[in-house]
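Readers should treat all values here as calculations from the given coordinates under stated rules, not as data from a laboratory. On a predicted model such as this, the values are computed, not experimentally measured, just so you know. Here the Cβ positions follow ideal geometry from the backbone for every residue, glycine too, while neighbour counts run over all protein chains shown.
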Amino acid sequence: MKQITIDPVTRLEGHGKIEIFLNDKGKVANTYFVIPELRGFERFCVGRPAEEMPRITNRICGVCPEAHHMAATKALDALYHVEPTPAAKKIREMFYSAFYVADHTTHFYALGGPDFVVGPDAPPAERNILGVVHKVGLEIGKQVIDARIRNHHVIRTIGGRGVHPVAGLPGGWSKAITKEEREELEQIARQNVEFGLFSLKVFEDIVLGNQEYVDLITSDAYTHRTYYMGTVDANNRVNFYDGMVRVVDPDGKEFVKYHPKDYLQHIAEHTEPWTYLKFPFLKGVGWKGFVDGADSGVYVATPLSRLNAADGMATPRAQEAFEKMYETLGSKKVNGRYEPVHFRLATHWARLIELLYAAERMLELISDPEITDPNTRAPITATPDEGVGCVEAPRGTLTHHYWTDERGILTKVNLIVGTTNNYAPIAMSVKKAAQSLIKEGTVITDGLLNRIEMAFRAYDPCIGCATHTLPGQMPLEVTIYAADGSIIERLRR
Amino acid sequence: MAAKEKPKFAMYWAASCGGCEISTLNMGDKILEVDKAFDVAFWPCVADFKVKDVEGYPDGYIDLCLFNGAIRNSENEEMAHLLRKKSKVLVAFGSCASEGCIPALSNLTTAEATLRTVYLDNPSTDNPKKVLPQPFTKVPEGTIQIPVFYERVKSLDQVVPVDYVMPGCPPESHQIAAVMDAVITSVLLPPPGRTIIGAGSVAVCEECPRQKNVKRIKRFYRSHEITPDPEICLLEQGILCMGIATRAGCGALCPRVNMRCEGCYGPLDGIEDQGANMIAAIASVIEEGSGPLAGIDEADLQRRIGEVMDTLVDPAGTFYRFNMARSLLMRARPTGHGVEKGVA
C-alpha cells in the first residue's frame, strides 16, 4: 500500500490536506480530505449577549464576514420575535447583493476562473489574476479591480467597515441610507449589471467558444449525481437573503422544502476521527458514506446547486442566462423545470449567472425610494428564547441557531456553515479526480495536482468558513509513501 | 554588476479568519508597490512557496514577516517558531496574533468542553459512537495525523519574541499601506521589542466625531435596547463604547454608523490590560443612583452602584473581547505560559 499526502501547503497552508492511498496494483484504494483545524465558536459564544453575535461570528471568516453577519442578524430577528422595518430589510438585502457581486467577482477572475480563462494546463505562475489580465487585456483587468473596489465601498458605507461589518441589529440596521448615498449606490448597481453581463460574455467567448473546455466541463471525472440544496422565494426562484430551503433529488424532483427554522428535522452531521470538520447529510436519506446517487444523503450547496434547486431566477437578464446554461448543457425540461446539471465545473458558469442576478437585485432594491426611510429599527418588546437565521452564503446555505435565557444571554449555539455542507461532495470529487488520473502504471505528474485542484476549486471552498483561508486556491504538494511508510517521491510546485 | 537583491517578504496565517489578508489585498495599488519592492519568500494566500522552502532558508533570511492568526493548535505553534527563526523582523499582525482576538474568548472555557459541544452535545450532530477527532487515526489503508487542539489560545508573543505589533481586527488597509510605505522608503521604524506600529497613540475618542459632554451614566444599554442620538458620545448615552480604552487608528468607524467601539485596536500606550483599563474608566462615569448622595450610608451606596452594574452583562466578553489571551485575568491562570498539554 502506498500513501500519497497532498498537503495544500501554499494558499491553503495548514488548513486542509488530502491523503491518497494506493493499493498494491497502484490504483487508488481510498482518499481522505482532512480539515486539521477547529476554533470552537459554538462553545465560546455561550455566555455572550446574543445581540453581539453579528459582530462575533463574522470573525468565523474574513472572506465572507457579510454572510455570517447577516445570518446572525436574522437569527436575532427570530430570537427576539421582531420583524425588521421595510427599509431595514431592503438595506440588508441590497448590502448583501453588493457583497455577492464582490465575492463572485473575486472567485471567477482571481481564484476559479484562471483555470479556464488562462487554461487548465497553463503553468501555475500564469494561472492567476495577472494571467487573466494578460489573456483578456488590461482593460478587463481594470474592470475587475473596479468592481471589487466599488462594491467594497458599498459594504463599508452601509455596514460600517470594509472587513467585519457591524451594523446588524435584531429588527433592523444601525445605519440609514441618505438620499445622496442612494444616488451613488444606484450608479454602482448599474455598473454592476453591466459588469455581470460583461462577465458572462467573457465566459461565453473564452470557455464556451473552446470545445476542449466544454468537453472538460462535461467529462465524467467532474460529474456527480447528488441532491441539491438552495433557498427559494415564493415562486421557487433563487434568493440569497430569505426564503424556504428547497432540496431536489438527482432527477430534479423536489425532495423537501422547509422553513430554515426546521433544519434540524432535515439535516444531521456525521463525525469522523481523522478530521475536525463534520459532514452534513440529509436525515431523510441517511449517511451512507462518501457516495453519490439518490440513496446517499450527501447533498451539495453551491451556486450550481442553488440553480438546480430553483425553477429560475427572479430577475430578467439572469433568467435569460439561466435558460441558456441549461439548454447549452443539454438539460431537458421535466414538469416545467430543467433537470439538474451534474457537471461540477459548471458551477463557475452558475456563479456568473448569480453575479448578474445579485447586480440586478441590488439595482431593484436601491431604486426603491423607501430604502432611504430613516426608520431602520423596529422596537424590541418580546422576550428572547430561540432563533434560527439562514442565508445563502456564496459557498452554500448558512444556518445560525441560538438559544438564550430570558435576558438574551446565549445558552447554546449551533452553526452549519456554507462550505461545510459541501465537505462530503468535495471529498468525493477529489477521490474521483484522483481515480481518473492515477491508474495502474501511471506516473504521477503535476497534471494530477492541477486536476485535483480543479475538482476542489469548483466548490470555491471557503475553508475560511470551515478552516479559515482564502477560497478556491489550492496549489498542492504530493508525497508518495511506500507500504513501509518511507517516502518514495515528493512532488511540489 | 549584479542587480541589488530585493528584501524578502513573508506573510502567514495561523488560526485566523483570513480578514487580515483581505485587508492587505484591499490596499489596492499599494500591493503592486509591495510586489515591486520585495521578493515574496512565503505568502500562502498569494504565492506558491512551501513550508519546506522556508525550512531550507538560512536563519534570518526573511527581512519582514507579517504573522496573523492566533496560536490555537500545535501546527500554529510550530509555524511561529519556524518563522521567528527565519525572519529578521517578525510582526504580530492583527488582533489574533497581537492579543488573541475573538478566538481567545475560548480561554473562558476548556478544550474538553469545546470538543464536547461541537461533537457530542450538539443538536445536529449524529454521533452515536461518540467519535472525537484524534491526533492519529488508524484507517484501513494507513494512518492520518491532525494537529493537537490546545487548551488555550495564545498570542504570538506568548510563544516567540515579537519585534512589532500591528493592531486591529483587521488592521485597516490605509494603516497597512502606511507601514509598508515606511518600510519601502527605508523610513526607520521605532526600536523593536513588541513595539506598536500602524496605529495611533491616543484613544479612539480622539478620532470620533461625536460630541462629548460631561454626563454621568445611570444605567447601561445593550445595542438593541437603545437607538442612540447620532451626534452625542455613545458612552455618555450608556452604551459600552470601548473607544475610551482603545488605541486609535481605525478612524472611529463603528461609532460613525451608531455602533459602539468594540476595542479591536487593543489597549492604549502603557496599558497592559485593556479590560481593567475600561473598567476603571467607566467606574468614573457611573452615577450612583438618582437621589442625592449626601448622607446616604455605605450599604445604600453599594446597592445603588449594584443597580447600575446589573445592567452590564457579560463583562468578560465585553471588556476582553479582543485581548483575552494577553489579559492579566488569563495570565493569572496556572497554564498561562509555557508548554501545556493539549486535547484532540
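When you have a sec, figure out the Kirkwood radius of region A:141-186 from all distinct Cα pair distances and drop it here in Å to one decimal?
For region A:141-186, the Kirkwood estimate is 11.6 Å.
Compute the distance from the alpha-carbon center of region B:295-317 to that of region B:51-92, in whole Å.
Here the two parts' Cα centres lie 47 Å apart.
Spin-label point model (7 Å from Cα, Cβ direction): what's the A:K25 to A:E327 distance in nm?
4.6 nm
So how strong a dipole does chain A carry about its Cα centre when Lys and Arg Cβ are +1 and Asp and Glu Cβ are -1, to the nearest 20 debye? Mind dumping the intermediate values first?
Values: 56 positive and 62 negative charges, 122 e Å.
For chain A, the charge dipole is close to 580 debye.
What is the Å³ per residue value for the convex hull set by the Cα atoms of the protein assembly as shown?
Looking at the protein assembly as shown, the number lands at 165 Å³ per residue.
Counting only Cα, what are the radius of gyration and maximum Cα-Cα distance Dmax of chain B, in Å?
23.0, 86
Tabulate in residue order the Karplus-calculated ³J(HN,Hα) for region B:218-235, using 6.51 cos²θ - 1.76 cosθ + 1.60 with θ = phi - 60°, rounded to whole Hz; enter x for Gly and Pro.
For region B:218-235, the Karplus-derived couplings read 8, 7, 9, 10, 7, 4, 8, 8, 8, 9, x, 4, x, 9, 9, 2, 5, 5 Hz, x marking Gly and Pro.
List the longest stretch of chain B that has no exposed loop site; here a site is one of the trypsin sites (Lys or Arg not before Pro) assigned by DSSP to anything other than H, G, I, E or B, with at most 15 other Cβ within 10 Å. Provide the component values of the computation, followed by the final result.
Working: sites that count: B:K4, B:K129, B:K130, B:R194, B:K212, B:K215, B:R216, B:K218, B:R219, B:K341.
After excluding every exposed loop site, the longest remaining stretch is B:5-128.
Can you give the mean number of other chain Cβ atoms that lie within 10 Å of the Cβ atoms in peptide A:46-53?
Averaged over the peptide's residues, the number is 5.
Would you mind checking A:K17/A:K439; A:K89/A:K175; B:K36/B:K88; A:K257/A:K431; B:K6/B:K86 for any pair whose Cα atoms are more than 24 angstrom apart? Numbers along the way, then the final one.
Working: A:K17/A:K439 21 Å; A:K89/A:K175 12 Å; B:K36/B:K88 20 Å; A:K257/A:K431 30 Å; B:K6/B:K86 16 Å.
Check vs 24 Å cut-off fails for A:K257/A:K431.
Residue by residue through region A:37-53, what is 3J(HN,Hα) from phi via Karplus (6.51 cos²θ - 1.76 cosθ + 1.60, θ = phi - 60°)? Round to whole Hz and write x for glycine and proline.
With the stated coefficients, region A:37-53 comes to 9, 8, 10, x, 4, 4, 8, 6, 6, 5, x, 8, x, 4, 5, 7, 4 Hz.
Around B:V153, which amide H atoms from residues at least 5 apart in sequence, or from another chain, sit under 5 Å from its own amide H, with H modelled in the peptide plane?
Residues meeting the criterion, in which the H sits 1.01 Å from N, are B:N107.
Give me the aspartates and glutamates in straight-line cross-link reach of A:K324: C-alpha distance below 12 Å, same-chain residues under 8 apart excluded.
A:E204
I need the peptides A:60-72, A:245-257 ranked by packing, meaning the mean over residues of other C-beta atoms within 10 angstrom, with the highest value on top. Before the final figure, lay out each step's value.
Working: A:60-72: 29.2, A:245-257: 18.8.
My ranking of the peptides, most packed first, is A:60-72, A:245-257.
Can you work out the FRET efficiency for the pair B:I279 and A:D295, with r the C-beta to C-beta distance and R0 = 45 Å, to the nearest 0.05?
Result of the calculation: an efficiency of 0.15.
Per-residue Cβ counts within 10 Å, from other chains only, averaged over A:31-38: what number is that?
Across A:31-38, the average partner-chain Cβ count within 10 Å equals 6.
Across chain A, what fraction of all alpha-carbon pairs, as a whole percent, falls in each successive 20 Å bin from zero upward?
Calculated over all Cα pairs of chain A, the distribution is 24, 58, 17, 1 percent.
In terms of modelled amide H atoms, which long-range or inter-chain residues lie less than 5 Å from the amide H of B:V139?
B:I144
Once you put a point 7 Å from the Cα of A:E183 and another 7 Å from the Cα of A:E386, both along the Cβ direction, what distance in nm separates them?
Simple spin-label model gives 5.0 nm for this pair.
Based on DSSP H assignment, which helices of chain B show an axial Cα extent of at least 15 Å together with a mean Kyte-Doolittle hydropathy greater than or equal to -0.5?
The answer, listed by residue number, is B:173-184.
Compute the FRET efficiency between A:D146 and A:E254 as 1/(1 + (r/R0)^6), taking r as their Cβ-Cβ distance and R0 = 25 Å, and round to the nearest 0.05.
The computed FRET efficiency comes out at 0.05.
So which aspartates and glutamates pass the test for B:K30, namely a Cα distance under 13 Å, with those fewer than 8 places away in the same chain ruled out?
Within the straight-line cut-off, B:K30 pairs with B:D181.
Express in whole angstrom the spacing between the alpha-carbon centres of region A:258-301 and region B:170-197.
Rounded to whole Å, the Cα centres lie 47 Å apart.
Could you pull out the longest piece of chain B with no exposed loop GluC sites (Glu not before Pro) in it, calling a site exposed if DSSP puts it outside H, G, I, E, B and it has at most 13 other Cβ atoms within 10 Å?
B:6-230
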